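Student: Attaching a single structure in structure tokens format; questions to follow.
The values are calculated or read from the model by the stated rules, or taken from the named source; none is laboratory data. For clarity, every value in this text was computed on a predicted model and none was experimentally measured. Note that we place each Cβ from the backbone using ideal geometry, even for glycine, and neighbour counts take in every protein chain shown. These accessible areas exclude ligands, DNA and RNA; they are computed on the full protein's heavy atoms, side chains included. Shrake-Rupley method; radii C 1.70, N 1.55, O 1.52, S 1.80 Å.
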Amino acid sequence: MLELSDNPGVILLLGAFIIIALPTIMRRPAMLLITGFSAMRLMGMEVGDQTVLSLFGLDLTPMKFDVLSRLFLIVFHIAVTLNIIYSWGVKNATECWASLAYPAAAMGGVLAGDWITLFIWWELAALTSVFLVWQPRTRETYLAGMRYMVIQIASGVLLLGGIVILFRQSGALAIGALDLRDPSGLFNPAALMLFIAIGVKSAFPLLHNWVQDSYPKSTLGGTIILSVFTTKLAVYLMARVFAGTPELIWIGAVMTIFPIFFALIENDLRKVLSYSINNQVGFMLTGIGFGTAASMNGAVGYAFSNIIFESLLFMSVGAAMYRTGTSKATELGGLYRTMPLTLMFCLIGALSISAFPGFAGFVTKGLILDGAAEGHNFIIWLILLFASAGVLEHAGIKIPYFTFFAHDSGKRPKEAPPMMLIAMGLSAVLSVGIGLYPEPLFNLLPYQEQIADYHPYSAYHIVEQLQLLLFAVLAFALLIKFKLYPPEVPSTNLDFDWLYRVPGRALLFKIVSLIVSLWRWLWGGAQEVVTRVMARTHRTHGPEGTLARNWPVGFMALWTAVVLAVALVFLYWVA
Amino acid sequence: MMDHLILRVMIKLFFAPILLFALYVQFHGDYGPGGGFQAGVIFASAFILFALGFGLRTTQKAVPPSVLPYFMVTGLLLYAGTGVVTLFLGGNFLDYYVLAPNSHHNAGQHMGIFLVELGVGMAVFSSMLTIFYYFAGREPEISDEDW
Amino acid sequence: MDFIAQLPVLPVVLPFVAAPLCLLLPAGRAPWVWATLVAWATFALSLILLEQVWINGTISYAMGGWSAPMGIAYRIDLTNGMVLALISFVAAVVFPYAGPSVRDEIAHKQTPAFYTALLLCFAGLIGVTITGDAFNVFVFLEISSLSTYVLVAMGAGRDRRALTAAFNYLVMGTIGATFFVIGLGLLYMATGTLNMIDLHERLVGQDNRVVKAAFAFIVTGLGLKLAMLPLHLWLPPAYSYAPSSITAFLAATATKVAVYIMLRFLYTVFGFDFPFLSVALDFFLILGVAGMFVASLAAMFQDDIKMMLAYSSVAQIGYMLLGISLGTVDGVAAGLLHLVNHAFMKAALFMAVGCVVLRLGSHQLSAFQGLAKRMPWTAWGMVIAAMSLAGIPGTAGFISKFALLQASFDKGGLTPTIAGFLIVLSSLLAVVYLMRVVRVMLQPLPESGPFTKPVVRPPLLMRVSLWVMVLANIYFGLQGGGLIALTRRAASILMGVDAGGAM
Amino acid sequence: MSHHSPEDKKNIGWADHPAFVRGFLWFLYLSCAAALVAGFFWQKEHPHFAVETVPVFFAGFGFVMFSLIVLVGQHLRKLVGRPENYYQERE
């Protein structure tokens, strides 16, 4: 039986409100303490623990702790802790509050055992995270935040719709595996709605733009926090509910490919990393789509390690931005001279995300590819290989190369502040640690029988991976050498969001103005009608009107006679 | 004054018989046609006739308006009081029987009805006369400011 | 004298005997104190009587030693027991209020006559309610009406238009009474009796023209007395120009008693045995709904607040008729409930207006500007009573309007459902005309015009009386359960669903 | 970097030093060669697809695909590239 005080969601949410009351100097240490306390409670939980609650005749499971939620809760705690350290200098109440409250909501969602509870945390996550997007407080971030919120709330509405239909179908609210299709092959509407709702949050292709739109606009720490939770909560739910859904394989595969090209031509390095989130989540979704023991282990394990090295990359770019004020590739470059430690951590992150042997990505990514191989799905397998090369391109090479090498921007910033370095260092240690000594992570994975037989450091696996990556790097070196690598140019690259940001927006404004004019017409017309009716009513009912003036007594008597006559006529001939 | 001579003579002639007739109607009201209401009206009509012939002032000297309310009240109290007395004597309201419980000739009934009719007669008479005084004594015209 | 046995007659006899005595009292405070004491005593008697009826069922009382069909009998069941308690409650609250108000409006030497007329009116209304004899109804109706004409005419001291209003009222009231008595005569012709119960028993099966004509005359006559829509024209001027306390008293009692008599004739004397009852009910439905709208709309444009409230009364009578016309226990109970609650709210509103008239000398809308600052107790009492009139939840008006709505929708069928929606719509009109006043009261004090000078606050007694009524509105809004049960039982007894036995 | 004036010389960091660049490239070439060779020695025991048995498949795939991404992908810019303040102008 889990107590309410065990729920990290509750602890961190309460903590979020406590820390805004604290003096600014105590905020970060308090945040660390609260997260530590929450982590301690997490240690005390046993797999299989749950809380059952009956409310309004509904059987709810506000908390359900199992292998899968344990893994995500652990890595979420790590991510929160890393961010607290990284953003140590940020004492702003809103940001501090949001960087506890938003993870709290995500953790509550991970622990939720029923759809209703999930929905509550889900919406809370949307509402708390938008403050991080708004945090820089410019018009641009305001608009981005509004777009972000509209999409998040829309996903919540879809989720709620799905929940309602699901409840009508089965009468149960527990979160469990669902089939996207009925046995007859038709889509189950409830499952489909839930699938799309979660899909929005995991940034399915064409539903992905909110990530690139909002994340890079947040503060340094805000971006890191954002990059971790929403999409990974969605991945967790996909793993819970839609494991083995074939549609997910293809969706994931597409997700791994298309961001590569957008990342290639993107100038803003934080936006590059946002595309990288899509690509990485694509790997996880593909693994979940296969639904085999190996691929599931791979997907959630990859999620775990990805959170760490993705954060590491965001942190290093963030550190560069902190010192130079920009994250644009065209304005950075040559920073290796003065920020060697940041460079080192960035390289570790890059190697990890590219899955070089010895780093975190390597030990789990292979599992996902194995899933494709076991399913004899050659095309998907090739796509994933291709995407691996793509990851190397945009996350493994582009990020460190354009930040720290490339052309000399002439900027000679100081090394990153110590707390940032500590956070990056911890992430780097974890990335390397998982890479070299993956057993603790493996022990957390859901399919222990499978993982017991898995040995990432088999010779052929290392050779394969090294061949792929080294020759890709070789290609890069040669392209640079022969000046075939395209230079970075400052630009805004249109993505799918163009549709709703330009024509959609114009259409929206058109519709709004149409509605406004329609309303004015209706209201004006109604006002005119009301005025006319009032005038007429006043003529009849006003103090001098027919129906309200003082009539002579004879007239009243006449009326009496009329009423009597009518009554008699009615009684005699009608009744 | 002389031009109403015939009228005045006739009024003087009729005045007493009208009063007498009124009293007749009054006292036979309990077992014949008539009763206090009619008697009161007839009684008042005599005075009204008198006022028509001899003027309001003269009549008001004979029957001052200030005594009329007392007449009215006495009449009403006589009527209601009889009922209340029967209540106190242990009967229902206006249960005249209790006024003379041992009488074989329904003396209680007679007495009760007599008293009630007398009260009604007094009240009606004084009311009629009061109304007449008010109408007759009205100022001839209402000035513009009063409207 | 057996007090309990004589109880039914006492509420009539007491004010009736007290009235002439009042005429002999010296002008000034004495008649007022006397009338007030009588009203209180009568209220106490009515309450005891109501309790007796609630416990023991219907009480009959034979008068003059003649038993029921022959002699005059008083008959009190829950319906008239309740109306009786309502009338005497209103009197017990309004009579104390009248003192300071009347000092300002009535000539000093007229006070004995005024209170005599008031007591007679009171006694008449109680007599109408209490009696079980149809002709006795007429007699008491005339006693109360005649004294009412006098009372309305006494408003001439402040506004000479009271005289024409009283005259019109007199003519119309007399026409109404005449129609009523013609109807009674026709009934007597058809049955040979005037006792209500006896009438009913003998009317069963008599579906002839005489009875129909009697019904038409009675309905028209009573319709005039209760100010049913096209026959309401006497009411607004009479209420507007009467002295403040008289308006408060009449608005809360006179039409209510007429509604009660209408109910009595419809359901006790005629009853459901008559096929034309349903026609009559349709008649009431149409006129009730028309009244709700015509009068509410007229109220919307009135700048004279007393006139506005008078029109509102006509509209509220429409609600009661609507409830009655449903022909169900729920409907009649809702009509009765609205009858009682409307008495509370209208009495409170007119009493508040009376306070304003006393201090500012006008009941025009312009006199109310800034009233919330000038006379906060009066203004807020008025706001609460207005909320009750508009049917805001938490007030008595809400309870009865809700009951009406429920009754309409429960009846089923198209017409009652539409009527239900019309109730809501017409309540919105009530909100509109009341908002006009409330808005003006909340405005800052006027800077120019006749109402700029500061005023003394109204006498404590008037404010206390006003607030007793206001609190009644709140009390029955929050604790309406007992009253609802009472009206439901009264309605079921009235309609013969319950034999009238003890509970 | 060849146009740098002598003052800039001291700004040339270790990574821009031609010797480092040369050394890095040689290290890369040798690693690639080693991986290529290793591919002939270690093969997957239970290959799922035929191509996995080709010793140089991963090397070739990595090289070609990377080049493809860069050489093809950059043309996407012509299609979707817009001035930096594209959206600001429209919002």
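Student: Would you mind giving the mean number of other chain beta-carbons within 10 Å of the Cβ of each residue in C:14-26, as a whole number?
Tutor: 4
Student: Shifting gears a bit: Comparing the chain by itself with all protein chains present, which residues of the range A:474-504 are at least 40 Å² less accessible (probe 1.4 Å)?
Tutor: A:Leu474, A:Ala475, A:Leu479, A:Pro486, A:Thr492, A:Leu494, A:Arg501, A:Val502
Student: Shifting gears a bit: So which aspartates and glutamates can A:Lys398 reach, going by Cα to Cα under 13 Å and dropping same-chain residues fewer than 8 places off?
Tutor: Within reach: A:Glu266, A:Asp268, A:Glu488.
Student: Still on this model: So, in Å, what gap is there between the alpha-carbon centers of the range C:158-178 and the range A:310-344?
Tutor: Taking the Cα centre of each part, the range C:158-178 and the range A:310-344 sit 97 Å apart.
Student: Taking only protein heavy atoms and a 1.4 Å probe, what accessible area per residue, in Å², does chain C have with all protein chains in place?
Tutor: On a per-residue basis, 31 Å².
Student: Taking amide H positions as placed in the peptide plane 1.01 Å from N, state which residues far from A:Asp66 in sequence (5 or more) or on other chains have amide H under 5 Å from it.
Tutor: Excluding prolines and chain starts, which carry no amide H, the hits are A:Gly48.
Student: I've got another one for you. Name the residue from A:Ser354, A:Pro413, A:Ala477 whose Cα lies farthest towards the positive end of the charge dipole of the range A:353-479, charges +1 on Cβ of Lys and Arg and -1 on Cβ of Asp and Glu.
Tutor: Positive-end residue among those listed: A:Pro413.
Student: Quantify, in whole percent, the carbon and sulfur part of the accessible surface of the range D:6-90 (1.4 Å probe; protein heavy atoms only). Kindly include the intermediate steps, with their values, before the conclusion.
Tutor: Numbers: 3790 of 5400 Å².
For the range D:6-90, the apolar C and S fraction of the accessible surface comes to 70 percent.
Student: Of the cross-linked pairs A:Lys232/A:Lys414; A:Lys328/A:Lys483; C:Lys109/C:Lys453; A:Lys201/A:Lys271; C:Lys306/C:Lys373, which ones have a Cα-Cα span greater than 26 Å in the structure shown?
Tutor: Violating the 26 Å limit, Cα to Cα: A:Lys232/A:Lys414; C:Lys109/C:Lys453.
Student: Can you run phi through the Karplus equation (6.51, -1.76, 1.60; θ = phi - 60°) for the range C:367-378 and list ³J(HN,Hα) in whole Hz, with x for Gly and Pro?
Tutor: In residue order, the calculated couplings are 6, 8, 5, x, 5, 4, 8, 6, 9, x, 5, 5 Hz.
Student: Filter the chymotrypsin sites (Phe, Trp or Tyr not before Pro) in the range C:249-324 to those in DSSP coil with at most 14 other Cβ atoms within 10 Å of their Cβ, and list the result.
Tutor: C:Phe272
Student: Quote the relative contact order of chain A in percent (integer), defining contacts as alpha-carbon pairs under 8 Å separated by 6+ residues. Don't skip to the answer; put the middle values down first.
Tutor: Working: 912 pairs, mean separation 70.5, N = 575.
This gives 12 percent for chain A.
Student: How far apart, in nm, are two points set 7 Å out from the Cα along the Cα-to-Cβ line at A:Phe378 and at B:Asn102?
Tutor: 13.9
Student: So, with +1 on the Cβ of K and R and -1 on the Cβ of D and E, and no other charges, what is the size of the charge dipole of the range B:2-138 about its Cα centre, to the nearest 20 debye?
Tutor: For this selection, approximately 560 debye.
Student: Another question about this same structure. Quick one: check the C-alpha center-to-center distance for the range C:254-295 versus the range A:21-60, whole angstrom.
Tutor: Each part reduced to its Cα centre gives a spacing of 69 Å.
Student: Moving on. Using protein heavy atoms only (no ligands, DNA or RNA), what is the total accessible area buried between A and D, 1.4 Å probe, nearest 100 Å²? Intermediate results must be reported in sequence, preceding the final value.
Tutor: Numbers: alone 25240 and 8730 Å², together 28530 Å².
The summed interface area works out to 5400 Å².
Student: In addition: Please list, in order, the residues from the range C:139-175 whose amide nitrogen is less than 14 Å from a point placed 7 Å along the Cα→Cβ vector of C:Asp104.
Tutor: Output list for this probe position: C:158-159.
Student: Under unit Cβ charges (Lys, Arg +1; Asp, Glu -1), what dipole magnitude, rounded to 20 debye, does the range C:287-503 have relative to its Cα centre?
Tutor: Working: 14 positive and 6 negative charges, 123 e Å.
Once rounded to the nearest 20, the dipole reads 600 debye.
Student: Compute for chains C and B the buried accessible surface, both sides summed, probe 1.4 Å, and express it in Å² to the nearest 100. Please report the intermediate quantities before stating the final value.
Tutor: Values: alone 17790 and 9740 Å², together 25870 Å².
Roughly 1700 Å².
Student: State, as an integer percentage, the relative contact order of chain C based on alpha-carbon contacts under 8 Å between residues 6 or more apart.
Tutor: After rounding, I find 16 percent.
Student: At R0 = 30 Å, how high is the FRET efficiency between A:Leu478 and D:Phe41 if r is their beta carbon distance? Nearest 0.05 is fine.
Tutor: Given R0 = 30 Å and the Cβ-Cβ separation, E is 0.70.
Student: Ok, one more. Which of the listed residues, A:Gly108, A:Pro189, A:Ala144, is farthest toward the dipole's positive end in the range A:1-223, when Lys, Arg count +1 and Asp, Glu count -1 at the beta-carbon?
Tutor: Most positive-ward Cα: A:Ala144.
Student: Can you list the lysines whose alpha carbon sits under 16 Å from that of C:Lys225, skipping same-chain ones fewer than 8 residues off?
Tutor: C:Lys256
Student: For D:Leu68, put the label point 7 Å out on the Cα→Cβ axis and report which residues of the range A:263-285 keep their amide N under 14 Å from it.
Tutor: Answer for this model: none.
Student: So, one more: How large, in percent, is the carbon and sulfur part of the accessible surface of the range A:243-501 at a probe radius of 1.4 Å? Let's see the in-between values first.
Tutor: Numbers: 5140 of 7330 Å².
Exposed carbon and sulfur together represent 70 percent of the surface.
Student: Can you tell me the FRET efficiency between A:Phe555 and C:Met189 if r is taken as the Cβ-Cβ distance and R0 is 51 Å, rounded to the nearest 0.05?
Tutor: Working: r = 31 Å, r/R0 = 0.61.
Taking R0 as 51 Å, the efficiency between A:Phe555 and C:Met189 is 0.95.
Student: On the protein heavy atoms, probe 1.4 angstrom, tell me the percent of accessible surface of the range A:503-574 carried by carbon and sulfur.
Tutor: Result for the range A:503-574: 75 percent of the exposed heavy-atom area is carbon or sulfur.
Student: Something else about it: May I ask you to derive the FRET efficiency for C:Ser60 and B:Ala136 from their Cβ-Cβ distance with R0 = 45 Å, giving the value to the nearest 0.05?
Tutor: After rounding to 0.05, the efficiency reads 0.45.
Student: Next question. Once you charge only the Cβ atoms, +1 for Lys and Arg and -1 for Asp and Glu, what is the size of the charge dipole of the range A:243-501 about its Cα centre, to the nearest 20 debye?
Tutor: With Lys and Arg at +1 and Asp and Glu at -1, about 1040 debye.
Student: A further question on this structure: May I ask for the accessible area buried between chains C and A, both sides summed, probe 1.4 Å, to the nearest 100 Å²?
Tutor: 2700
Student: For the range C:180-249 and the range C:78-155, what is the separation of their Cα centres, given in Å?
Tutor: Distance between centres, Cα-based: 19 Å.
Student: Same structure, new question: Say the dipole of the protein assembly as shown comes from +1 at the beta carbon of Lys and Arg and -1 at that of Asp and Glu; which of A:Val157, A:Gln135, A:Val272 then lies farthest toward its positive end?
Tutor: So the residue furthest toward the plus end is A:Gln135.
Student: If you don't mind, another one. Please turn the phi angles of the range A:532-548 into ³J(HN,Hα) values with the Karplus equation 6.51 cos²θ - 1.76 cosθ + 1.60 (θ = phi - 60°), one per residue in order, whole Hz, x for glycine and proline.
Tutor: So the Karplus estimates, Gly and Pro as x, are 5, 4, 5, 4, 5, 4, 5, 5, 8, 9, x, x, 9, x, 3, 8, 9 Hz.
Student: Next question, about the same structure. Please give every one of the aspartates and glutamates within straight-line cross-link reach of C:Lys401, meaning a C-alpha to C-alpha distance under 16 Å, and leave out same-chain neighbours fewer than 8 residues apart.
Tutor: C:Asp330, C:Asp410
Student: What percent do you get for the relative contact order of the range B:2-138 when only Cα pairs under 8 Å and 6+ apart count?
Tutor: Taking the mean separation of contacting Cα pairs over the length of the range B:2-138, I get 31 percent.
Student: Hey, what do the phi angles of the range D:20-29 turn into as Karplus ³J(HN,Hα) couplings, whole Hz, using 6.51/-1.76/1.60 and θ = phi - 60°, x for Gly and Pro?
Tutor: 5, 4, 4, x, 4, 5, 5, 4, 5, 4
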